[in-house]
Amino acid sequence: MSPASATQPIFSPAELIAILKADYSQFPKQQTYDIYAEDVLFVDPLNRFRGINRYRQMIGWMNRWFREVHLDLHDIELQNNLITTRWTLRWRAPLPWQPGMAIDGWSELELNATGKIQSHTDYWHTRKWDVLKQLFDR
């Protein structure tokens, strides 16, 4: 492999956008984990960790623990090596009264030289306390 081809992106921007749109539409099932770097950094208001295996575990936990999980993609854009998505995450908590919960937010996905996601940072428009209070809304 020549030095020039070693830095060619694995995914074109159009392919990556299409994959992300598909992943959001079926979240948390059937996610495409090979678009992430092995040492991907994930950060949100509750978590901070590194590694694709830990990322897969977190998504798997959400799939097992919560009911009716949906991730609605409102917007996705790419500028240079940064993909920004705007979304609403909705689910039902596993409590007897099954409260519906939602978080509005956005993600910043930073790409490395090979076109893989090297960091995924989620930001919430919803305060953590307001998310917790949804458990008691009827």
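Where a number appears in this text, it was derived from the coordinates with a stated rule and is not lab data. Computed from a predicted model, the values in this text were never measured in an experiment. Glycine gets a Cβ as well: all are built from the backbone with ideal geometry, and neighbour counts include every protein chain shown.
Close amide H pairs (under 5 Å, H built 1.01 Å from N) link ASP44 with ASP122, residues at least 5 positions away or on another chain. For segment 23-138, a simple Cβ point-charge model (Lys and Arg +1, Asp and Glu -1, everything else neutral) yields a dipole of about 600 debye relative to the Cα centre. Which of these values of Cα extents along the principal axes in Å was calculated from the structure shown: [x] 58, 33, 30; [y] 45, 34, 27; [z] 61, 26, 24? Recomputing Cα extents along the principal axes in Å here picks out [z]. Centre-to-centre separation between the Cα atoms of segment 95-138 and those of segment 18-70: 11 Å.
Residues in segment 81-87 carry Karplus couplings, in order, of 10, 10, 9, 10, 10, 10, 8 Hz; the curve used is 6.51 cos²θ - 1.76 cosθ + 1.60 with θ = phi - 60°, and Gly or Pro positions show x.
What longest region of the chain stays clear of chymotrypsin sites (Phe, Trp or Tyr not before Pro) that DSSP places outside H, G, I, E and B and that have at most 16 other Cβ atoms within 10 Å? Could you put the intermediate results ahead of the total?
Values: sites that count: PHE66, TRP97.
Here the longest run is 1-65.
Placing dummy labels 7 Å off each Cα toward the beta-carbon, the span from ARG48 to ALA14 is 3.9 nm. Taking a ≥ b ≥ c as the square roots of the eigenvalues of the alpha-carbon gyration tensor, segment 37-92 is classed oblate because a/c is 1.5 or more while a/b is no larger than b/c. With the simple spin-label model, which puts each label point 7 Å out from Cα in the Cβ direction, the LYS128 to ARG56 separation comes to 2.9 nm. Any idea which of ALA18, TYR36, TRP129 is furthest toward the positive side of the dipole for the chain, if Lys and Arg beta-carbons carry +1 and Asp and Glu beta-carbons -1? Ranked along the dipole, the leading option is TRP129. Annotation: aspartates and glutamates with alpha-carbon distance below 15 angstrom to LYS29 (same-chain offsets under eight excluded): GLU68, ASP72.
Please identify every one of the trypsin sites (Lys or Arg not before Pro) in segment 20-97 that sits in a loop by DSSP and has no more than 15 other beta carbons within 10 Å of its own beta carbon. Could you put the intermediate results ahead of the total?
Values: sites: LYS21, LYS29, ARG48, ARG50, ARG54, ARG56, ARG64, ARG67, ARG86, ARG90, ARG92; in loops: LYS29.
For trypsin sites (Lys or Arg not before Pro) across segment 20-97 that sit outside H, G, I, E and B with at most 15 neighbouring Cβ atoms in 10 Å, the list reads LYS29.
Taking other Cβ atoms within 10 Å as a rough exposure proxy, ILE19, ILE103 sort from fewest to most as ILE19, ILE103.
Report the calculated FRET efficiency for PHE66 and ASP39 (r = Cβ-Cβ distance, R0 = 25 Å), to the nearest 0.05.
Values: r = 27 Å, r/R0 = 1.08.
In this case the efficiency is close to 0.40.
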